[in-house]
Amino acid sequence: MAISARSPNLAESRSSPAGKRLNVLLSEKAQSDLEAVAGGRSLSELVRLAMRLLKIALEESKGGNRLVVVDAKGNAKREIVIPE
């Protein structure tokens, strides 16, 4: 999965007919992690999914709710905290 960038974090966004192009510089570990969770999804699909999840997390957090992963029996396993 090739990912390119021109600056250390977010390189630049360029408009195209289909939307904006985003170049990101990732460490080898981050790239490896992305490939491990991709499950056949493209990088663009992963970014869109991450943005949808982040949007939900932020909306719920602002509403005073907590995001908690529960097991099949309803026991809390992990709380997801998104810094604001």
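The values are calculated or read from the model by the stated rules, or taken from the named source; none is laboratory data. These figures come from a predicted structure and were not determined experimentally. Here the Cβ is made from the backbone with ideal geometry for all residues, glycine too, and neighbour counts use every protein chain on show.
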_Residues of the stretch 70-84 classified as at pLDDT 95 or above, touching a strand residue (DSSP E or B) at 6+ places or on another chain (Cβ under 9 Å) and not acidic (Asp, Glu), total_ = 4
_Any chance residue 65 is out of contact with any strand residue (DSSP E or B) (no Cβ under 8 Å at 6 or more places or on another chain) and exposed (fewer than 10 other Cβ atoms within 10 Å of the Cβ)_ = no
